[in-house]
Amino acid sequence: MGQIRMAVKGAEDDPTMARRWSGYKMYLERVTGLPVKLFEASDYNGVVQALASGQVDLAQLGAGSYANVDAQVGELVAPLMVIRQAEGNTGYYSVLLVNSSSPYRSLQDLRGKTLGYVDFNSTSGFLYPRHVMRQQGVEPDTYFGRTMMAGGQTQTVMSLVNGQFDGAMVMASGGSPEIGFTTGAHFTMARRGLIDIDDVRIVWTAGPMPNSPVVVRTDRNQAFIDLVRGALSVLPYDEPAIWDDIGQASGGDFASVDRAFYKDIIQMRSDDIAQRRGQPAREEK
């Protein structure tokens with residue numbers, strides 16, 4: 001391999017993401033001795049198609065996007081590693097936001113109202129919360145008066161604040177529904193001064209769902225695959241400054257995962273597509 005090609009989603013919702021990818025790039029270049037070329041896609045599907053078509057060697061993407069790739073090429077793309085927080089958690093949450101000035105206090109209050117999703121390939125902003133709503137007896141395709149895709153986490157929150165949606169489905173992490181959250185799209189926007197954190201409130205949560213995996217094309221050199229796995233495994237211990245620079249908390253690390261870790265998400269995506277098309281779902285083996 002003359003170079004490593006890595007696909008990433010554009011940093012539309014987090015200004016630290018450019019630095020994060022730069023940290024990965026410099027570290028992988030030093031460990032492998034190969035130049036790393038970053039392919040920055042403008043949306044979720046761009047990363048999905050780059051992986052499925054073999055244009056890149058590895059990527060970090062959401063669980064729902066990985067399920068999309070799996071449906072297209074199966075074992076040609078496999079998860080390698082996932083971020084594990086210091087507490088041992090390997091998941092995050094979907095939260096339903098409303099404007100604090102609104103009267104809405106629960107999911108039930110939003111019946112017949114407008115809802116903003118992030119993207120069809122978003123786990124927290126589309127796939128996972130729809131699955132949980134159905135488990136709770138709410139059919140998301142008919143429960144709301146109108147639903148729309150905003151295209152990204154930042155766009156979804158901003159559209160909510162600007163009054164385009166009554167509710168918005170986005171991600172949150174760094175906590176739990178019981179103790180509250182410390183990170184997520186609306187927290188990032190508040191730090192950037194785009195909104196006041198008190199402008200929005202959470203009225204419903206779903207999760208935890210599996211964290212975003214680092215995935216690799218399995219038709220690449222096995223020595224390369226093993227080297228990437230090993231490099232990521234030791235990164236937080238050998239290079240704590242880089243670990244901090246890419247936005248990870250002290251005490252966390254990378255944990256090895258495989259397709260089985262995302263089996264439920266793969267089935268959820270199949271179920272959701274079947275539900276929208278009115279067809280039986282394909283049973284995940």
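No value in this document is a laboratory result; all are computed from the given coordinates. Computed from a predicted model, the values in this text were never measured in an experiment. Ideal geometry is used to build each Cβ from the backbone, glycine not excepted, and the neighbour counts take in all protein chains shown.
Values for this structure:
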read-out	value
Qualifying position, being part of a loop (DSSP other than H, G, I, E, B) and under 23 Å from residue 267 (Cα atoms), among 89, 45, 68	89
Residues of segment 105-138 that turn out to be more than 20 Å from residue 209 (Cα to Cα) and surrounded by fewer than 18 Cβ atoms within 10 Å (Cβ to Cβ), as a count	7
Residue within segment 241-254 that is assigned to a strand (DSSP E or B) and either over 21 Å from residue 48 (Cα atoms) or touching a helix residue (DSSP H, G or I) at 6+ places or on another chain (Cβ under 6 Å) (or both) present	yes
Subset of segment 96-110 (residues that are part of a loop (DSSP other than H, G, I, E, B) and closer than 12 Å to residue 204 by Cβ)	104, 105, 106, 107
Whichever residue in segment 189-230 is assigned to a loop (DSSP other than H, G, I, E, B) and without any contact (Cβ under 8 Å) to a residue 24 or more places away in the chain and, among such residues, is surrounded by the most Cβ atoms within 10 Å (Cβ to Cβ)	196
Number of the exception - residue 80 against (1) among the hydrophobic types (A, V, I, L, M, F, W, C); (2) more than 18 Å from the chain's Cα centre (by Cα); (3) surrounded by 19 or more Cβ atoms within 10 Å (Cβ to Cβ)	(2)
Residue among 255, 249 that is hydrophobic (A, V, I, L, M, F, W, C), within 12 Å of residue 80 (Cβ to Cβ) and under 18 Å from the mean Cα position of the chain (by Cα)	255
